[in-house]
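The values are calculated or read from the model by the stated rules, or taken from the named source; none is laboratory data. Keep in mind it's a predicted model, so treat the numbers as computed, not measured. No Cβ is skipped: glycine too gets one built from the backbone with ideal geometry, and neighbour counts run over all protein chains shown.
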């Protein structure tokens, strides 16, 4: 199977109402070119799951600014005033999840687990409407797995099979999200003939579709 696709082919796989993982941290390590294509496609009413709401003109903020996002699941939105305004006005549904809990919920889905137990958020607003369990006299929240229709992943290097290497902030959320989406789309900066197996972070079985601006 040839995983390498064009921008047009990528856009053809998008639909209104889909759920998206978007990797990175504060828009660093985020697949901005794939966000360009999502905006070009015109799809809307998206559920976006990511670390944060980006900041004006970057990352997830670009989708929010263009009215493409119906619901945002993230650990914080503090660098994006527009996200805060829309949340306060009821224009954007926002579910705030502690950062470590967010990562573990995604990992749980990717690893086929039924959920995770965490003390984070016990006896706070985070606990509302969630199941709890007590083990050895300590109370935990039961956090359910979190998956998505599509993951937008940014990678530093890929071989032709789609084995991936990440650089610096690209390691934030991109690798774990690649395990937990039905379809994983990867923007690759550099394509090489082969990679040292010892440095591969995400095996090719998790990268379904690959795009790059250079020769494949």
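Has segment 18-39 got at least one residue that is closer than 17 Å to residue 209 by Cβ and out of contact with any strand residue (DSSP E or B) (no Cβ under 9 Å at 6 or more places or on another chain)? For segment 18-39, residues closer than 17 Å to residue 209 by Cβ and out of contact with any strand residue (DSSP E or B) (no Cβ under 9 Å at 6 or more places or on another chain): present. Is one or more of the residues making up segment 93-110 part of a loop (DSSP other than H, G, I, E, B), more than 17 Å from the chain's Cα centre (by Cα) and either within 26 Å of residue 186 (Cβ to Cβ) or modelled with pLDDT of 95 or more (or both)? No, there is no match, as no residue in segment 93-110 is part of a loop (DSSP other than H, G, I, E, B), more than 17 Å from the chain's Cα centre (by Cα) and either within 26 Å of residue 186 (Cβ to Cβ) or modelled with pLDDT of 95 or more (or both).
Among the residues of segment 33-56, those that are touching a residue at least 24 places away in the same chain (Cβ under 8 Å) and either surrounded by fewer than 16 Cβ atoms within 10 Å (Cβ to Cβ) or farther than 21 Å from residue 106 by Cβ (or both) comprise 33, 37, 39, 40, 41, 43, 44, 45, 55, 56.
Being within 18 Å of the chain's Cα centre (by Cα) and at pLDDT 95 or above is not true of residue 77.
One residue stands out among those in segment 6-23 that are assigned to a loop (DSSP other than H, G, I, E, B) and modelled with pLDDT of 95 or more: the one that is farthest from the chain's Cα centre (by Cα), which is 12. The strands (runs of 3 or more DSSP E) falling completely within segment 133-216 that include 3 or more residues that are surrounded by 13 or more Cβ atoms within 10 Å (Cβ to Cβ) and touching a helix residue (DSSP H, G or I) at 6+ places or on another chain (Cβ under 7 Å) map to 148-158, 181-191.
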